Amino acid sequence: MEPSVVLAKLPKLLDLNADNITENVHLINSKNPDVRSKYIMERLVHHLHEFARDTRLSTDEWMAGIQFLTETGKICDDERQEMVLLSDTLGLSLLVDSIDHPKPDGSTEGTVLGPFHTHNLPEKANGDKIMHNDPDGTPVLVVCTVKDVNEQPIKGVRIEIWETDSTGSYDVQRTDHSVPDGRCFMISDHNGAFWFKGVVPVSYPIPHDGPVGKMLKMLSRHPWRPAHLHFILSRPGYDRLITALYLKGDTYETSDAVFGVKSSLLIDLSQADESLAKKYDVKVGTKVIKYDFVLVSEQESLELRAKNSKEALELLGHKVKIINGLPVPDID
């Protein structure tokens, strides 16, 4: 489109100042034909401007914030996502997941993805080891099922799994890293079951040698996460579940640096008796983790998200309607 045509369609902005800048930004953004993105931008600008007004933000402080975000972006690569880490440590990741993937009673809750998920995953069969480069790790047998809210097993679920070694490092953090280790994907069987052999998870610090680490130090916060195993469960027709299982009683259970722990995701370690050891081909006394995942249908999740969104925004005084499961202004 020619610049002259674009200019002809734009409203005129005159005499901009601290009192009218917000309404003028809204005005010039109002030509956006996509109602959802227009709504998001309107709310983003509103809250950013209110933040600046509430704090009486100085130029030096704003430039420090810009520099912080610039440095955060620079440290990101295919194996380290500092922006995700920033979102996690501000509690935003958990908030967005909770809003976008609401869980009805009886289903497995979601939690943060974390910055070390990768798409380079080997496929493993039931009973396989997922950790090979950790001779000091304490072996653990993980036995799980996947069911729907009616307690019916779900076969054919893709389960992505990843964990640290016994030093608290993910494979991509190790200098000798060449192939994936401590991570894989599996497919649930006809009974909705899957099981594998890993190492007992340990507490570990999130990367704190970058901008996020400096922020945590400034806030007098520690960088530690409680011991856990990561999972992603997905199958057509079901809401994708990003979650983790946390060892109960961990030192950092109630102060997780990325706010990921939920009481329903806390688990106990048990030990394999003779019957379990024989069934799963492990030694008697091997540490065991058991968990039953419960997935929600896409439709049920969509309906619950729409209901929650409408109720929450109406409480804030916003009149909205739902389009494609997401709220937009309801303008007569």
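The values are calculated or read from the model by the stated rules, or taken from the named source; none is laboratory data. Please read these numbers as outputs of a predicted model, since none were measured by experiment. So basically every Cβ, Gly included, is an ideal-geometry build from the backbone, and we count neighbours across all protein chains shown.
Here is how the numbers come out for the structure above:
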quantity: Criterion: within 17 Å of Y170 (Cβ to Cβ) and in contact with a helix residue (DSSP H, G or I) (Cβ under 9 Å, 6 or more places away or on another chain) - qualifying residue of D100, D78, D134; calculated: D78
quantity: Search result, residues across the range 162-183 that are surrounded by fewer than 22 Cβ atoms within 10 Å (Cβ to Cβ) and not in a loop (DSSP other than H, G, I, E, B); calculated: V172, Q173
quantity: Selection within the range 320-332 - free of Cβ contacts under 8 Å to residues at least 40 places away in the same chain, surrounded by 12 or more Cβ atoms within 10 Å (Cβ to Cβ) and not aliphatic (A, V, I, L, M); calculated: K321, G325, D330
quantity: Counted residues, the range 270-308 - those being β-branched (V, I, T) and at pLDDT below 95; calculated: 0
quantity: Some residue of the range 279-291 being on the phi < 0 side of the Ramachandran plot, without any contact (Cβ under 8 Å) to a residue 40 or more places away in the chain and in a strand (DSSP E or B); calculated: no
quantity: Any hit, the range 213-232, residues being of a type in the set (A, V, I, L, M) and surrounded by fewer than 16 Cβ atoms within 10 Å (Cβ to Cβ); calculated: yes
quantity: Helices (runs of 4 or more DSSP H) within the range 36-139 that include 2 or more residues under 15 Å from the mean Cα position of the chain (by Cα) and of a type in the set (A, V, I, L, M, F, W, C); calculated: 82-89, 92-100
quantity: Residue list for the range 127-161, filter: touching a Phe, Trp or Tyr at 6+ places or on another chain (Cβ under 7 Å) and more than 14 Å from F293 (Cα to Cα); calculated: G127, D128, I130, L141
quantity: Residue, nearest to I289 (Cα to Cα), within the range 258-272, restricted to residues that are of a type outside the set (A, V, I, L, M) and assigned to a loop (DSSP other than H, G, I, E, B); calculated: D268
quantity: Selected residue [in a helix (DSSP H, G or I) and either crowded, with 16+ Cβ neighbours inside 10 Å or assigned by TED's automatic domain parsing to the domain that holds V157 (or both)] from S309, S255; calculated: S309
quantity: Residue within the range 206-221 that is in contact with a Pro (Cβ under 6 Å, 6 or more places away or on another chain), closer than 24 Å to T286 by Cβ and not in a strand (DSSP E or B) present; calculated: no
quantity: Sole residue being surrounded by 12 or more Cβ atoms within 10 Å (Cβ to Cβ) and more than 17 Å from K103 (Cβ to Cβ), chosen from Y246, Y280; calculated: Y280
quantity: Subset tally (residues that are touching a helix residue (DSSP H, G or I) at 6+ places or on another chain (Cβ under 7 Å) and either closer than 15 Å to V143 by Cα or small (G, A, S) (or both)) for the range 255-271; calculated: 2
quantity: Sole residue being surrounded by fewer than 11 Cβ atoms within 10 Å (Cβ to Cβ) and within 30 Å of S264 (Cβ to Cβ), chosen from D105, D77, D100, D15; calculated: D105
quantity: Answer residue from the range 100-142, given it is free of Cβ contacts under 8 Å to residues at least 24 places away in the same chain and of a type outside the set (D, E) and is nearest to H230 (Cα to Cα) among those; calculated: H119
quantity: Meets criteria (modelled with pLDDT under 95, of a type outside the set (V, I, T) and either under 26 Å from K262 (Cα atoms) or not assigned by TED's automatic domain parsing to the domain that holds Q173 (or both)) for R53; calculated: no
